[in-house]
Each structure stands twice: as C-alpha cells, then as structure tokens.
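Asks: Take a look at the following structure, please.
All of the numbers you see were taken from the coordinates with simple rules; none came from a lab. Because the structure is predicted, anything quoted here is derived from the model rather than measured. Here Cβ is always computed from backbone atoms with ideal geometry, including for glycine, and neighbour counts include all displayed protein chains.
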Amino acid sequence: MAALIEIERLTKRFSGFTAVDDVSFTVDRGEVLGFLGPNGAGKSTTMRMLAGFMPPSAGTARICGADVVDQPVAAKRNLGFLPEGAPTYPEMSVTGFLAFTGRIRGFRGSELADRVAHAMALTQLEGVRLQPIETLSKGFKRRVGLAQALLHDPPVLVLDEPTDGLDPNQKHEVRELIRRMAPEKAIVISTHILEEVGAVCTRAIIIARGRVVVDAAPTVLEQSGRTLEEVFRGLTLGEAA
Amino acid sequence: MAPALIVARRELAGYFATPVAYVFIVIFLVLAGALTFTLGNFFGRGQADLIPFFSFVPWLFLFLVPALTMRLWAEERRLGTIELLLTLPLPQWQAVAGKFLAAWAFCGIALALTFPLWITVNVLGAPDNGVILSGYVGCLLVAGAYLALGAAVSALTKNQVVAFVLAVALCFVFAAAGSPVVTEFLDTRIPQLAEIARAVSVADRFGGFTRGVISARDILFFASFMGFFLFVNAVVLDHRKAD
C-alpha cells in the first residue's frame, strides 16, 4: 500500500527565489514526522502545498493516493490541517466555528454534534464552548484550530506549529494527544522546539534554504554524540556537518 | 445543504455579528429615504409610484456595494482564514459562490427594509404593485452585478482601499456607459463603441425594470454579467490566494 503522504519533487518558485527546492519524502501510517528548519527555510510553504492551498511550481503531493492538484477535494477530505498561526473566524463562538467546518465536511445532525463535542473534549475546550473566539487567549485559539483539524478524525494530519503559544501544561497535553493518535495516522508537525522532536516524533526532517538536508530518526541524529541542537545549528548555518 | 450555502450562512451571520451590517443598512435607508423625499420630490410629483426611489438606488449601490465587497477576500487574507477556508474539502467555486450569495442576500435584506415606502404609496394612492415589484427585482439585479464585480476586484488586491476605489470606478463605468453624455460623445466619434456602451450599461437595463418591463434579454444580461465576474473571481483567487 502506498504511503498516506507522498511528496514528489515538490518545488515552489517565487519571483526571484526558490522557496522549496525539489523536496521529496513519504510518510506512512504510524509515523510522526517533525519538520524542522530556520525561519524562511520553506516549512510553511511545503505544508501549504501539501494542504492544497498553494499550487506547486513543479512536482506534486498526494494524500491517501489523491493528488492535491488534480483531485483537491478528495485529498482535502482525508486531511486535517492546522495553518500557520491557527487562523479562525474571530466573531464566531467555538462551537459555531467547529460546527461550520464540520458541516462543510458533510456531517449533519447528531453526528455533527457528537463530532464537535469529541473534538472539544480532545483539546479541552468545553469550558469556553460558547465564547466568541476573539475573546480567547492565544493558547485557546491555537487549540480551536487544532480541534478543527481533528474534528473528522482524518488519516493525515498536517500541523504547522501546533504548540506555539501554549503554556507548558498545554504543550504536554497536545504532545500526549499526538502520541495517542500516532499509531492510526500519518502526522507532520513543524516546530521550532527541538525537544518536542525527541518527545513525539519518530522521524525528523531538517530543511534549509528550501532543501532537505537531513531525514532520519531523532535518536539516530543524537547518536553521533551531539545534541539535536548542535546538529540543527551545524546543518542550517552551513558549517561542516 | 451545498457547501456554498453553508459558507453563505456563515458569512451572513458574520455580517450581523459585526457593526458592518447595521452601519450599511442604516446608511442605506437614511440616504434612500432622504434622496427620495428631497431630490426625488416624492410628494410633490403627486404620483403613487416608487420611481423617485428606484432612480437613486443604483447610485447608492455604486458606493455602498463596493464598501461591502472590499473586505470580502481582503479580510480572509488579513485573518489568514483564507488558508483555512480553501483547505476545507469544498470546490473553490463553491466558496466564491457562497460569499457572493451571502452579500447578495444581505443587499436583499437592506432593500426589503425599505418597505415603509411601499406602504406609504399604497396608503396614499393606488400604485401598480407589479411595477413596484419589478423595480425591486431590478434593484436586486443591479446589486448582484456590482457585487460580482466588486468581489472579483477584492480577490485581486490585498488592500481594502484599493479594492474599494477600483470597484467604485469599474461599477461607475457600467453605470454611466449608457448615459447620454457618453453615448452622444461616442456616437459622433466612434459609433461602434456607442452601441457597445449602450449594450453593457447597467443603468439602461435597470430602467426597463422600473417601468415594469422584465425582459428575458435583461435577465440574461444580468445573469451573464454576474456569471462572468464570479468566474473571474474564481480564476483570480486561484492565482493570487497565497500572495
């Protein structure tokens, strides 16, 4: 069986520079891929192309076998995506917002209510269910975005900085949640927090200037007697690895 | 429910969750009323019809509709929700159609709230209510045409001021194309263009509706006008969504 996420020679050129340069990898069920790299390395651009938001300049990506360019709706149905910054409609209530995304995903009636309740339970949002999202703190907003991505229990999760802005307890909860879901899904998370990679990821990809420079398990990266941070700095600052 | 209708429902609720809806409706009603009774000479004419009202509506929409459409895509970009909306499993044209339908329904609500005028003419005289209804249909079609045009412009630029000014200018072109100033000028210089100007004039088409004439040609004109600009909107969005 093909991998749940297949990225093939994905390239994105903006006028003047290449943000993502010939990136290929696959993610299987049960894998949690940590996507690392300095700011501007092309992490978000890659994730946007994978989510079918940004059309690639060359190459392609498939989610559960559906091409994100040729069969966008089929691909998106199997995807839970947390965009960068966890955007939400500020005037909507938490339940209103989740019900909206659920309805678009084709849920109705009691099933819709169950899905919304379950997603809120997973992300501990019950206490603020009727509050307008704009009145919530940063951590809550992030979790609303996360709840939206989990609502339909998708086989593929793409999360752009899921723990950004969360306090240590909430970070722990989200990592636990990702670990619990991991066996059933293919998950890609981008992060700046290197310890997170060791904590939840089964595999790490470091990307610099649009290219993949490392693709290995975090334990393998650390085996060479250095910390993940040293590896990261060595590779992305362009020093001898 | 089709995804477009789910989007439309959310959008429409969004209008009423912010001051946008109330400001728009109040300004529209105040201006429409004031113009009808002062410049329109509603009472002095001594005729039980809504011609004075209908004659001002396209000009009010010329400024108010772009105020509605300028934020249509720009706001989604600013909040980043465009990335969320367009990665949900719905065809992109359904998102375009949903936003348009919500704005159109909203204009319909604003128009419906001018019902006291209709009551007034019915109390004061015996107007032809068929003509009035056809006038309202015309107003709604003009709103739809301006909305489709404004929405396409909004997809084009991130800047709300640019979107507003461009939309007003383009709507004005279609509003004024059939006016004697334009057509007479073109008649003497480039007669072929004068024909085209009359054909694409929103105001000319609207005139028929206010006289109670609903012709298939005019309906077809407005339908293809909206269809064309919604298509442009979808194409532009596809190319510029990530900018």
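Asks: Using Cβ counts within 10 Å as a stand-in for footprinting exposure, how do A:Met92, A:Met181 rank, fewest first?
Replies: Values: A:Met92 20, A:Met181 16.
If I rank by nearby Cβ atoms, fewest first, I get A:Met181, A:Met92.
Asks: Which of the listed residues, B:Ile119, B:Ser179, B:Met70, is farthest toward the dipole's positive end in segment B:3-240, when Lys, Arg count +1 and Asp, Glu count -1 at the beta-carbon?
Replies: B:Met70
Asks: Calculate, in nm to one decimal, what A:Glu195 and A:Gln223 gain on full extension: separation in residues at 0.36 nm each, minus their alpha carbon distance.
Replies: Numbers: separation 28, 0.36 × 28 = 10.08 nm, distance 1.51 nm.
So the chain would gain 8.6 nm between A:Glu195 and A:Gln223.
Asks: Would you please name the GluC sites (Glu not before Pro) within segment B:1-91 that are DSSP coil residues with at most 11 other C-beta atoms within 10 Å of their C-beta?
Replies: Numbers: sites: B:Glu11, B:Glu75, B:Glu76, B:Glu83; in loops: none.
The qualifying sites: there are none.
Asks: Once you keep just the Cα pairs under 8 angstrom separated by 6 or more residues, what percentage relative contact order results for segment B:3-240? Before the final figure, lay out each step's value.
Replies: Numbers: 279 pairs, mean separation 62.2, N = 238.
Dividing the mean separation by the residue count of segment B:3-240 yields 26 percent.
Asks: Among DSSP beta bridges whose residues both lie in chain A, state the antiparallel percentage, nearest 5. Walk me through the intermediate numbers first.
Replies: Numbers: 20 of 37 bridges.
Once the DSSP bridges in chain A are tallied, antiparallel ones form about 55 percent.
Asks: Hey, another quick one. Provide a whole-number value for the mean count of partner chain Cβ atoms within 10 Å of the Cβ atoms in peptide B:90-97. Provide the component values of the computation, followed by the final result.
Replies: Working: counts 7, 2, 3, 0, 2, 1, 0, 0.
Rounded to a whole number, the mean comes out at 2.
Asks: While we're here: Taking amide H atoms as placed 1.01 Å from N in the peptide plane, list the residues 5 or more away in sequence, or in a different chain, whose amide H sits under 5 Å from that of A:Arg211.
Replies: Here A:Asp21 satisfy the definition.
Asks: Further question on the same structure: Positive end of the dipole of the protein assembly as shown, charges at C-beta (+1 Lys, Arg; -1 Asp, Glu), about the Cα centre: which of A:Pro87, B:Ser55, A:Leu194 has its Cα farthest in that direction?
Replies: Highest projection toward the positive end goes to B:Ser55.
Asks: Further, regarding this structure: Pairs of Cα atoms under 8 Å, at least six residues apart: use those to get the relative contact order of segment A:1-154, whole percent. Don't skip to the end; give the middle numbers.
Replies: On the way: 235 pairs, mean separation 31.9, N = 154.
Once normalised by length, the contact order is 21 percent.
Asks: Evaluate the charge dipole of the protein assembly as shown about its Cα centre and quote only its size in Debye, nearest 20, assuming +1 on the Cβ of each Lys and Arg and -1 on the Cβ of each Asp and Glu. Present the calculation step by step, with values, prior to reporting the outcome.
Replies: On the way: 43 positive and 42 negative charges, 91 e Å.
Rounded to the nearest 20 debye, it is 440 debye.
Asks: Here's a follow-up. Distance from the Cα centre of segment A:1-65 to that of segment A:188-217, in angstrom?
Replies: Segment A:1-65 and segment A:188-217 have Cα centres spaced 13 Å from each other.
Asks: Still on this structure, I have one more. Can you put B:Ile51, B:Ile119, B:Ile196 in order of Cβ neighbours within 10 angstrom, beginning with the fewest? Please report the intermediate quantities before stating the final value.
Replies: Values: B:Ile51 16, B:Ile119 9, B:Ile196 12.
Starting with the residue having the fewest Cβ neighbours, the order is B:Ile119, B:Ile196, B:Ile51.
Asks: Next question, about the same structure. Can you give me the Cα centroid spacing of segment B:36-70 and segment B:1-21 in angstrom?
Replies: Using only Cα atoms, the two centres lie 27 Å from each other.
Asks: Tabulate in residue order the Karplus-calculated ³J(HN,Hα) for segment B:128-139, using 6.51 cos²θ - 1.76 cosθ + 1.60 with θ = phi - 60°, rounded to whole Hz; enter x for Gly and Pro.
Replies: For segment B:128-139, the Karplus curve yields 7, 5, x, 5, 5, 4, 5, x, 5, 4, x, 4 Hz.
Asks: Please arrange A:Tyr89, B:Tyr146 by counting, for each residue, the other beta carbons lying within 10 Å of its beta carbon, fewest first.
Replies: On the way: A:Tyr89 24, B:Tyr146 31.
So the ranking, lowest neighbour count to highest, is A:Tyr89, B:Tyr146.
Asks: Given a cut-off of 25 Å, name the pairs among A:Lys12/B:Lys241; A:Lys185/B:Lys158; A:Lys185/B:Lys241; A:Lys43/B:Lys158 whose C-alpha atoms lie farther apart than that in the structure shown.
Replies: On the way: A:Lys12/B:Lys241 15 Å; A:Lys185/B:Lys158 36 Å; A:Lys185/B:Lys241 29 Å; A:Lys43/B:Lys158 23 Å.
Over 25 Å Cα-Cα: A:Lys185/B:Lys158; A:Lys185/B:Lys241.
Asks: Quick one: Cα centre-to-centre distance for segment B:138-159 and segment A:159-186, in angstrom?
Replies: 42 Å
Asks: Using the Karplus curve 6.51 cos²θ - 1.76 cosθ + 1.60 with θ = phi - 60°, what ³J(HN,Hα) values do you get for each residue of segment A:84-93, in whole Hz, with x for Gly and Pro?
Replies: 4, x, 6, x, 9, 7, x, 7, 7, 7
Asks: Using modelled backbone amide H atoms (1.01 Å from N, in-plane), which distant-in-sequence or interchain residues come within less than 5 Å of B:Asn159's amide H?
Replies: Amide H neighbours of B:Asn159: none.
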